[in-house]
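What follows is a short report on a single structure.
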Amino acid sequence: MRDLRSMGWVIDNYKTNPTLSPEQYLLREIGTRVDLGEKPISQRKSITGAKRRRILDRDGHVCQSCFTAGGEEFNDAPGRRATLTIGHIVPVVRGGTNDDSNLRTECQRCNDEARDNTDNPPSADEVLTQASQGSRREKLILYRWMNQNQRAISDQEKLFIKWRRLPASERERVMHALAAQVIDPS
C-alpha cells in the first residue's frame, strides 16, 4: 500500500475514512501503472525499521504535533487511540530528506492532516529574535534546554503526562477532585 501511495495512488483506509472497517480500502485515484511499464515520476525512499525505532525513542513515543502518546485516546475522540508514525518536518515534495533531523514522531491523525502541507521550519533568525524577547530568567532556562538538547520536565509536567495517560473517565475524576482542593467555592 505504501509503495502504491508513493507512486500517486490515492487509497483510503479506516484511518482516513471512518466509513471503512479496518480490513477495507477504497481506491480514489490510480497513479503510476508499473504493471503496464509506466515509470514512477519519483519514488520516496522508505524509512528503515531501525530509523523508525530510533526516532520514536528519541521523541518519547509521543506525537510531536498534538502531544498524544502512542496508544492513548484522543481527547476529542473517545475510543480512538493514537497510532504513531514518522513524519517529515519539511515534506519530501518540498525538498525534505529522510535525515533524522527532518523526521519526527506523529500520530497517524496529525500525519494524515499535515501530509505535504506542513509549514517549513522557522529560520534561525526568527527563533533568535523570539528567544531574545524573554526575560533573563526565561533565556537562561531556554539556553539550558538547548545546551542539553532536551527540555527539563518539572514534577508537575510529569504528573500531567501521567494524568493524560489515564482513561477519560479517570481523568475527569482526578480533575474534579483536584478542583475541589484549589477552586474557591465562593
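The values are calculated or read from the model by the stated rules, or taken from the named source; none is laboratory data. Given the structure is predicted, the values throughout are model-derived calculations rather than measurements. Cβ sites come from the backbone with ideal geometry, for glycine too, and all protein chains shown count toward neighbours. For accessibility, only protein heavy atoms count, side chains too; no ligands or nucleic acids. Shrake-Rupley method; radii C 1.70, N 1.55, O 1.52, S 1.80 Å.
The overall shape of the range 1-87, judged from the alpha-carbon gyration tensor, is oblate: a/c is not under 1.5, and a/b is no greater than b/c.
Placing unit charges on each Cβ (+1 for Lys and Arg, -1 for Asp and Glu) gives the chain a dipole about its Cα centre, and among L103, M7, G79 the Cα reaching farthest toward its positive end belongs to L103.
The angle separating the long axis of helix 49-58 from the principal Cα axis of greatest extent in the chain is about 20 degrees. For the chain, the relative contact order works out to 14 percent when only alpha carbon pairs closer than 8 Å and six or more residues apart are counted. The Cβ shell under 9 Å around A82 holds other residues with a net charge of +1, Lys and Arg each +1, Asp and Glu each -1. Loop sites by DSSP among the trypsin sites (Lys or Arg not before Pro) of the chain, restricted to those with at most 16 other Cβ atoms within 10 angstrom, leave 46-114 as the longest stretch without any of them. Taking only Cα atoms, what is the 0 to 90° angle, nearest 10, from helix 136-148's long axis to the longest principal axis of the chain? Helix 136-148 sits roughly 50 degrees off the main axis of the chain. Counting only alpha carbon atoms, the long axis of helix 168-182 and the longest principal axis of the chain meet at about 20°. For the options N75, N102, N147, a Gaussian network treatment of the chain with springs between C-alpha atoms closer than 10 Å singles out N147 as fluctuating the most. Of the labelled figures (i) 1, 7, 14, 17, 18, 17, 13, 8, 3, 1, 1, 0; (ii) 1, 8, 16, 21, 21, 17, 11, 5, 1, 0; (iii) 1, 6, 10, 14, 15, 16, 13, 9, 7, 4, 3, 1, 0, 0, 0, 0, only one reflects P(r) over Cα pairs in 5 Å bins from 0, in percent as derived from the coordinates, namely (iii). List the GluC sites (Glu not before Pro) within the range 1-102 that DSSP assigns to loop and that have no more than 14 neighbouring Cβ atoms inside 10 Å. Here the GluC sites (Glu not before Pro) that fit, given the DSSP loop and packing criteria, are E23, E38. Taking all protein chains together and a 1.4 Å probe, the residues M7, M1 rank M1, M7 from largest to smallest accessible area. On a straight-distance basis, which aspartates and glutamates could pair with K15 in a cross-link, Cα separation under 15 angstrom, same-chain partners fewer than 8 positions away excluded? Counting by Cα, and skipping residues close in sequence, K15 has these aspartates and glutamates nearby: E23, E73, E106, D112, E113. Only lysines eight or more places from K139 in sequence, or on another chain, were considered; those with a Cα closer than 26 Å are K158. Cysteines in the chain lacking any other cysteine Cβ under 4.7 Å from their own Cβ: C66, C110.
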